[in-house]
1. Counting other beta carbons within 10 Å of each residue's own, what order do PHE205, PHE169, PHE52 fall into, fewest first?
2. Once R0 is set to 25 Å, what does the formula 1/(1 + (r/R0)^6) return for the Cβ-Cβ distance between VAL183 and ASP146, expressed as a FRET efficiency to the nearest 0.05?
3. Looking at the chain as a GNM with Cα springs under 10 Å, which of PRO121, PRO84, PRO24 has the largest mean-square fluctuation?
4. Before rounding to the nearest 500, sum -39500 (n - 2.57) across all DSSP H runs of length at least 4 in the chain and divide by the residue total; then give [θ] at 222 nm in deg cm²/dmol.
5. Enumerate the calculated ³J(HN,Hα) couplings along segment 92-101 in order (Karplus 6.51 cos²θ - 1.76 cosθ + 1.60, θ = phi - 60°), each rounded to whole Hz, writing x wherever the residue is Gly or Pro.
6. What relative contact order, as a whole-number percentage, does the chain give when Cα pairs under 8 Å and 6 or more residues apart are counted?
7. How big is the shadow of the Cα convex hull of the chain, averaged over all directions, in nm²?
8. Need one number: the % of Cα-Cα pairs in segment 128-221 sitting beyond the 15 Å mark.
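Quick note: the coordinates plus some simple rules give every number you see, no bench work behind them. Being a predicted model, the structure only gives us computed values, none of them experimental. Heads up, the Cβs are rebuilt from the backbone with ideal geometry, glycines too, and the neighbour counts pull from every protein chain shown.
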Amino acid sequence: MSNEFLALTEQIYAYMLNNSLREPDVLRRLREETEATNPHAIMAISPVQGQFMMLLLKLISAKKTLEIGVFTGYSSLCTALTIPADGHIYACDVSEEWTSVARRYWAEAGVADKITLKLAPANETLDALLADGHAGTFDFAFIDADKSNYDGYYERALKLVRKGGLLVFDNMLWYGKVADETVVDADTVALRALNAKLHQDDRVFTSLIGVGDGMHLAIKQ
Ligand code: CA
């Protein structure tokens, strides 16, 4: 066995869940409803990723956060349950249908007043936040939306977070496709280019980790 990485098996993943997962009931019900009713359920982050994100939010004492790509709301609910009562999430998505599930669970969990949902192309929302004086005021940004726009989201989110703020990009190993140079579809090419850019970008300090489908973490220097 390599000492550099551990390839997860179903058995090891089940062990992880059984020995580390603390998933509140409302999150479990949201996850199970999404898995049972939404054919795109794979777009939701895993419970292990959600808990890891909650730990990151606690580490940096995040209060004001940005979420690009809400889907049915698992990651935003993780965030809302973790940030303090006076914290706030600006959440971007384009789907009324999917975010209606998110809004239902935000209300049920009593955190709806912590979340501003913007239904519009995220770059428009981010440009509006920049124009309204929010630059350098966010503690955290989670980016998990259309892959070909990730670089645009990166540049805008980097302006919006404070020094020491954390950006988290999901799906950065993209089922392994980024590592296979023969795969040249637009999404894969965009993610491969962003990983390479983050690796060399002195504006951030980064770590690309193999949680879920790969998360690239970047702290603004
Ligand atoms: Ca994702």
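1. Numbers: PHE205 12, PHE169 26, PHE52 20.
So the ranking, lowest neighbour count to highest, is PHE205, PHE52, PHE169.
2. Working: r = 18 Å, r/R0 = 0.70.
Taking R0 as 25 Å, the efficiency between VAL183 and ASP146 is 0.90.
3. PRO24
4. On the way: 8 runs with 95 residues, N = 221.
The helix contribution divided over the chain gives -13500 deg cm²/dmol.
5. Karplus-based 3J(HN,Hα) across segment 92-101 equals 10, 7, 10, 9, 5, 5, 5, 6, 5, 5 Hz.
6. This gives 16 percent for the chain.
7. On the way: hull surface 51.0 nm².
Average of the hull's projected areas for the chain equals 12.7 nm².
8. Working: 2511 of 4371 pairs.
The calculated P(r) of segment 128-221 puts 57 percent of pairs beyond 15 Å.
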